[in-house]
Amino acid sequence: QLQAYGGGLVQAGGSLRLSCAASGRTVSGYVMAWFRQAPGKDREFVAGISRGGGSTSYSNSVKNRFTISRDNVKNTAYLQMNSLKPEDTALYYCAVRLSDSGTYSSLRNYDYWGQGTEVTVSS
């Protein structure tokens, strides 16, 4: 089970840190990622991180503003979001991929999903 939390309401230019805590099984051996879904839009890839944390990938829209990280001891992944923009407003989901192959950004590659945490950025 994945529990995402840390969302909230923030002004443009502000920061938030999302967390994704796994319970029931260790996720240290798997790729983890964050996706988001804005109202009326498809779910889209935000950031992904390798098993050990040494490799990361970001969508162009968040590159240089967001940072994904993980703590395998705590069984938790994080998404540090800086310089937030109103267009970042969405429900943010964390996900785990069991397979060791495939692209970070492909939604269908992920096997487990958290329930989502809402981020609202006001202008």
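Here are the numbers for the structure shown:
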{"item": "Cα pair distances in the chain, grouped into 5 Å bins until the bin that holds the longest one, percent each", "result": "2, 12, 24, 26, 20, 10, 4, 1"}
{"item": "For region 54-70, 3J(HN,Hα) per residue [Karplus equation, 6.51 cos²θ - 1.76 cosθ + 1.60, θ = phi - 60°, Hz, x = Gly/Pro]", "result": "x, 10, 9, 9, 9, 6, 4, 6, 10, 4, 6, 10, 10, 9, 9, 8, 8"}
{"item": "Whole-percent carbon and sulfur share, accessible surface of the chain, 1.4 Å", "result": "45"}
{"item": "Under the Karplus curve 6.51 cos²θ - 1.76 cosθ + 1.60, θ = phi - 60°, whole-Hz ³J(HN,Hα) for region 3-16, x wherever Gly or Pro sits", "result": "10, 9, 7, x, x, x, 9, 9, 7, 4, x, x, 9, 9"}
{"item": "Cα centroid of region 1-32 to Cα centroid of region 57-123, whole Å", "result": "8"}
{"item": "Cα centre as origin, Lys/Arg/Asp/Glu Cβ charges: the chain dipole, Debye", "result": "160"}
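The values are calculated or read from the model by the stated rules, or taken from the named source; none is laboratory data. What you see is a predicted model, and the numbers here were worked out from it, not measured in a lab. Every residue, glycine among them, receives a Cβ derived from its backbone with ideal geometry; neighbour counts consider all protein chains shown. The accessibility values were calculated without ligands, DNA or RNA, using every heavy atom of the protein model including side chains. Shrake-Rupley method; radii C 1.70, N 1.55, O 1.52, S 1.80 Å.
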